[in-house]
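The values are calculated or read from the model by the stated rules, or taken from the named source; none is laboratory data. Model, not experiment: these values are computed from the prediction. Because the Cβ atoms are built from the backbone with ideal geometry, glycine has one as well, and the counts that use them run over all protein chains shown. Quick note on the areas: whole protein, heavy atoms, side chains included, nothing else; ligands and nucleic acids left out. Shrake-Rupley method; radii C 1.70, N 1.55, O 1.52, S 1.80 Å.
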Amino acid sequence: MGTNSSGEFAEWDEERYSTNIDRFDEQHKRLFGLLNDLHTAMNEGHSEEEVGDILRELERYTEYHFGDEEEFMQNCGYAMDCSDCFYNHREMHEEFAGKVRELREKHENGEYVTMEVLTVARDWLDAHIAAGDEDQNYADYFQTEVSDDYEYEPGQLYQDRTASEDPVPVDRQSADAGVRLDSDIYDGGSLSVPEGSVASWFEDIASDHGDRTAALVQGEDGFVERSFKEMAERAKAVAGGLLSTELRPGDRVAIRAQSQYEWSVLDLACHFAGLVPVALYPSASDDRAAQVIERTGATGLVAAGDVAEGLAMTVETVLDFDALPTAEARVLPGLQADGNEVATVAFDVAAPAEQAGCALTHRNLLAAAESLRKALPVGPGATGTCSLPLAHIYQRVSTYYLWATGSAVAYLGAEEFVDQLAAIEPDVLVGVPKMYQQLYGTIQDRLGDMGWMKRKVGGRVASYGQGIVNGRGTPLKYSAADRLVYKPLRREVGLSNLTYALSGTGRLDDHLLYFFRGLGVPIAELYGSVGTTGVGALNPADSYVEGAIGEPMPGVAIAVSQNRELLVRGPTVLGGFLDDDQTGSQTLRDDWYHTGEVGEVGPDGKLSLVE
């Protein structure tokens, strides 16, 4: 890379640099453009303020791009197959980020930033993107190995490639030896779990909250309210329709559709009818769906869109999700179900379908909702989000938690949720790291459209957030920054009413955590898995501890075994596995759920995972 005939310091060469992945190419071109802007400003003697402004924007955008690229590569599964290359690649990222930070710090300290340092940054960018680097290898893989109809789902590509491999056994003690602990038992306190079934629970909720809003549904002219009464009546009508088909109480019914209001209606309808919903990830392949159906013994399938003939043949009854049957039911068997009966079967998206599915009871689901309600109190009338797949138990029990508080669930599109947040201004944001990465990119774009002074203030948001997380607090000028920049940004994006911003299913990268805390978004991390109904420990915003999983949630106890395995027990721990005595005996012993994850207790007495 060198200066071209038009005088650009860093010239984009489509043949040399393009990865043929639009999102990467656009971000790479942006980095080239910022480097050219910086070179021009320095070469032509522009003001120190303008040079500093470009440096901060270059640092901010570098952080955004690397975070987006690494998360996309890692979540799609590519990095899981090539971990050595991936982590070498990450070291390269950190090296460049360090050079950009060095440029910015030198300038802010009044030191002269030489063209030599700028040239080093340019040459690094050339080496990073050019043919032979990991970006190009990834692009080749994506083009040759990934089907054209692939829709993004964390871990799906990895799971598709490894579905035939034998799972790596967890090194556990003999089942006959009992559980030996190597730590104190950390107890989240008592929890009163509602009796009975999900159907009887929701009927009580609907009776208590009646005309209060239970759901916000996207319509042609904005979001439309649906009351608890309407939702209960609709669910009961669909329950009657389900029972008018060949389906009978106790049957398992697979659901394959995008998250939306009618998905929750169908879920509740299954509970009222005494059916057991089996949630399929909508982007899963037909082969994956067929494996799950066979594994669970589902006799019914409710699917949106066309159903392949081979998939339809795996069940006895196929129903159209977009035309759910309705009928008046003389009896709703689900109202009489026992709390210890299986309420749903759930799978870990990253696990092969042939691995044992988790049979979660009504008590499990209600305990998870009640634990969240007790740990994260909100008043009736609040609004929370649903933009993640409802096949994910974390999102599903989060909707139950919101209804338990008399709050509304706003159903947002997986791709449109960032743009829709401003219309609903949620009190509770239910998210995962990928979602916060997307939100981060949008906010960065908004910052880039501001004047140079506000962009300068925006460039300090992560450092302010780090001070908050580390307990150092913020300088006096943070109040002015919040008033002039951060608060208007929160209002513009729809984050101004947040009481809780939850991040589950994985640890949030430090740069995202610092950024959002500095912005004034109270992020709390939730640790849990399918086997614990999505609930385990909470690392809350007001007492956040870096590197820890937080404190056990109400009703949950956590300990570390002698072989350093993290153990969980309580009413959220699954009722069992599907006809899998071997898995059950290894994973459920002495009331403890063996997570398969390595845990430790630090010198400060805080629980953490060892990666």
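Roll a 1.4 angstrom probe over the protein heavy atoms and tell me the percent of accessible area of segment 481-527 that is carbon or sulfur.
Ligands and nucleic acids excluded, carbon and sulfur give 45 percent.
Local charge sum around SER207 (other residues, Cβ-Cβ under 14 Å, Lys/Arg +1, Asp/Glu -1)?
Numbers: positive: ARG212, LYS229, LYS236; negative: GLU203, ASP204, ASP208, ASP211, GLU230, GLU233.
In short, -3.
Between segment 213-247 and segment 354-404, what is the C-alpha centre distance in whole Å?
Here the answer is 18 Å between Cα centres.
How much accessible surface area, in Å² rounded to 10, belongs to the heavy atoms of LEU181 with a 1.4 Å probe?
Probe radius 1.4 Å; accessible area of LEU181 about 60 Å².
Residue separation times 0.36 nm, minus the C-alpha to C-alpha distance between GLU309 and ASN497: what's the value? Present the calculation step by step, with values, prior to reporting the outcome.
Working: separation 188, 0.36 × 188 = 67.68 nm, distance 4.74 nm.
Full-extension gain reported as 62.9 nm.
In terms of modelled amide H atoms, which long-range or inter-chain residues lie less than 5 Å from the amide H of VAL342?
none
Could you check the spin-label model distance between ASN109 and GLU50? Points 7 Å from the Cα along Cα→Cβ, value in nm.
2.6 nm
Among 555-566, 38-49, how do they line up by average Cβ neighbours within 10 Å per residue, starting with the highest?
Numbers: 555-566: 20.7, 38-49: 14.4.
Descending mean neighbour count gives 555-566, 38-49.
Go ahead and run the numbers for FRET between GLN562 and ASN340, Cβ-Cβ distance against an R0 of 35 Å, rounding to 0.05. Don't jump to the answer; show the numbers that get you there.
Values: r = 31 Å, r/R0 = 0.88.
My answer for the efficiency is 0.70.
Where the accessible area of segment 264-309 is counted over protein heavy atoms with a 1.4 Å probe, how much of it, in %, is carbon and sulfur? Write down the numbers at each step before the final one.
Details: 550 of 1320 Å².
After summing per-atom areas, the C and S share lands at 42 percent.
For the peptides 492-499, 52-59, what is the packing order when you average, over each peptide's residues, the other Cβ atoms within 10 Å and list the highest mean first? Don't skip to the answer; put the middle values down first.
Working: 492-499: 18.0, 52-59: 21.8.
Result, highest mean first: 52-59, 492-499.
Quick check: with the 1.4 Å probe, what order do TRP592, TRP452, TRP12 take by accessible area, largest first? Write out the running numbers ahead of the final one.
Details: TRP592 10, TRP452 90, TRP12 55 Å².
The ordering from most to least exposed comes out as TRP452, TRP12, TRP592.
To the nearest 0.05, what FRET efficiency results for VAL318 and ASN43 with a Förster distance of 56 Å applied to their C-beta separation?
Working: r = 67 Å, r/R0 = 1.20.
The formula returns an efficiency of 0.25 here.
Could you put ARG491, ARG30 in order of accessible surface area, largest first, with the 1.4 Å probe and the full protein assembly present? Write down the numbers at each step before the final one.
Details: ARG491 125, ARG30 85 Å².
If we order ARG491, ARG30 from most to least accessible, we get ARG491, ARG30.
Starting with the highest mean, order 511-520, 437-446 by the number of other Cβ atoms within 10 Å, averaged over the residues of each peptide. Before the final figure, lay out the partial values.
Details: 511-520: 23.1, 437-446: 18.2.
Order by mean packing, descending: 511-520, 437-446.
First measure r as the distance between the Cβ atoms of GLU415 and ASP184, then evaluate 1/(1 + (r/R0)^6) with R0 = 45 Å and state the FRET efficiency to the nearest 0.05. Don't jump to the answer; show the numbers that get you there.
Working: r = 45 Å, r/R0 = 1.00.
Plugging the Cβ-Cβ distance into 1/(1 + (r/R0)^6) gives 0.50.
In segment 373-405, which residues have a backbone nitrogen under 18 Å from the label point lying 7 Å from ASP211's Cα in the Cα-to-Cβ direction?
380-382
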